[in-house]
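For reference, the structure is listed below as structure tokens.
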Amino acid sequence: MRKEFFVAENSIVRQIWGRSDTVLFIFAGAAAEFALNKSVDWLYFTGRLPADPIGRLFSTVAYARSIMFSEKQTALRTIDAMNSIHAQVERDRGTKIPDWAYRDVLFMLIDYSIRAFEVLERKLTHSEKDEVFDVFYRLGSRMQVKDLPSTFQEWQGMRQTHLEQNLEFSSHTADLSDRYAEHLGSLRYRILLEVQTKIVPQHVQGLLSLRKFSLLFPVLLFYKLSRMVKLDTAVKALILPTKYKKAILGLDVKPTVTRKSIQVYHAPATTHS
């Protein structure tokens, strides 16, 4: 009997989330936006985010990624477990996490999935973007998140509205920036900021006072050359935090050898406009 997965084995979503490179870029964008989100106090409530900001955000991204590669029933149980964890936090605090906060997380995962792949690999087609949207729409529906957009086009409008309404620079933003720098060290923190400058939407750039143009371009060229000569693992080992190095390098999933996957992994890379 053929296994049924939450995300089809030949899906572009698996290609996006099956490489540590793109997952790290997704993480960088999420780190910036989590720090600005008006609901970030929920992550401070448990104490886990300020104590280990890199680990906490990486676990959020890793949780989403695990769903991408699970059989359907396993993925659904994982999503239900996430709901139970959130419900317990709500009981402990005595109030509900707002629905817009759930939508924000889903929206940023859709956005940075697309942006990360387009920076590191190539432009996605309209149908591939629809595919990315569909995966997170189904995830959000299972989580019983209200008022989700029904199409990618509708999501684009809602995403911009959410960015403008639900983000602000706060004391939590400043504190998280300091903690990122502390946990990463000066060099890795500078790299994080350059990746964020490259990948986040313009509104996020403005709130974080990031430059409009990243200095990452020559670094990306060097890294892409290192991939061609199979030295990318060594390069990543040099710049990744030791504590998370093994887990991050373990994110790479060997692509299925099909005509479609070969085309995707060797297509010319272009940057996101």
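What to note about this one:
- Test: residue in region 75-89 that is acidic (Asp, Glu) and farther than 20 Å from residue 14 by Cβ: yes
- First in region 61-82 and among the basic types (Lys, Arg), second anywhere and in a helix (DSSP H, G or I), Cβ under 8 Å, 6 or more apart: 65/17; 65/23
- Given (1) loosely packed, with under 14 Cβ neighbours inside 10 Å; (2) within 21 Å of the chain's Cα centre (by Cα); (3) of a type in the set (Val, Ile, Thr), number of the condition residue 95 does not satisfy: (2)
- Which listed residue is assigned to a loop (DSSP other than H, G, I, E, B), among the hydroxyl-bearing types (Ser, Thr, Tyr) and at pLDDT below 95, from 95, 74: 95
- Condition check for residue 104: in contact with a strand residue (DSSP E or B) (Cβ under 8 Å, 6 or more places away or on another chain), surrounded by 13 or more Cβ atoms within 10 Å (Cβ to Cβ), over 19 Å from residue 179 (Cα atoms) and acidic (Asp, Glu): yes
- The condition of being outside any loop (DSSP other than H, G, I, E, B), more than 27 Å from residue 19 (Cβ to Cβ) and out of contact with any helix residue (DSSP H, G or I) (no Cβ under 7 Å at 6 or more places or on another chain) holds for only one of 156, 160, that being 160.
- Residues that are modelled with pLDDT under 80 and in a helix (DSSP H, G or I), drawn from region 1-51: 42, 43, 44, 45, 48, 49, 50, 51
The values are calculated or read from the model by the stated rules, or taken from the named source; none is laboratory data. In this text, all values refer to a predicted model and were calculated from it rather than measured experimentally. Neighbour counts are summed over all protein chains in view; Cβ atoms, including those assigned to glycine, are modelled from backbone coordinates with ideal geometry.
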